[in-house]
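The block underneath contains the structure these notes are about, expressed in structure tokens.
The values are calculated or read from the model by the stated rules, or taken from the named source; none is laboratory data. All values reported here derive from a predicted model rather than from experimental measurement. We place every Cβ from the backbone using ideal geometry, glycine too, and count neighbours over all the protein chains shown.
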Amino acid sequence: MKNDFRRPVLAAFGGVLMLASAGMAAAFVGPDFRATLSGSNVPGGGDSDGWGRVRFEINNSTHRLCADLEVRSIAEVTSAQIYRGREGQQGEPVARLERPRDDDSYDCKQIGDALAQEIESNPTAFYVAVNTTEYPNGAIRGQVNPAG
């Protein structure tokens with residue numbers, strides 16, 4: 001008899017917790033961005049058979065950037081960064097990404113309010129570049145676009 005009362009109460013409490021968690025998760029979701037990386041996007045030429053992709057999100061309230069980077073058919077990665085710059089132009093680095101050690105990486109970092117707003121308002125003014133031991137000035141690169 002005792003258990004008959006507890007089960008509905010516990011089920012209701014669990015449902016409330018799930019709804020509260022879903023609401024919190026939705027509040028922290030920010031805009032998504034992506035870039036398709038290839039050697040042909042590197043000014044002056046990069047790794048012709050290298051390719052990759054990056055997808056990242058910026059949390060609007062904390063200005064935290066979380067990036068999922070995947071690379072294939074390139075030498076050992078020495079750096080991966082987001083740069084301010086238009087297609088075909090060299091730019092300045094604005095955020096370092098975790099180097100993929102096994103062709104994949106995921107990390108999060110604070111980028112500040114001004115940079116977060118700049119990327120959100122004009123994503124195509126940024127690109128992602130990956131440098132390797134074989135191509136220290138750029139193996140693969142891709143312009144940032146909204147993911148939606």
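List of remarks:
- Scanning region 31-69 for residues that are within 10 Å of the chain's Cα centre (by Cα), surrounded by fewer than 17 Cβ atoms within 10 Å (Cβ to Cβ) and either under 12 Å from VAL128 (Cβ atoms) or of a type outside the set (D, E, K, R) (or both) yields ARG55, CYS66, ASP68.
- Residue count for region 104-140, restricted to those that are in contact with a Lys or Arg (Cβ under 6 Å, 6 or more places away or on another chain) and exposed (fewer than 15 other Cβ atoms within 10 Å of the Cβ): 2
- Residues located in region 101-111, provided they are modelled with pLDDT of 95 or more and in a loop (DSSP other than H, G, I, E, B): ASP103, ILE111
- Of the residues making up region 112-139, just one is aromatic (Phe, Trp, Tyr) and not in a strand (DSSP E or B), namely TYR135.
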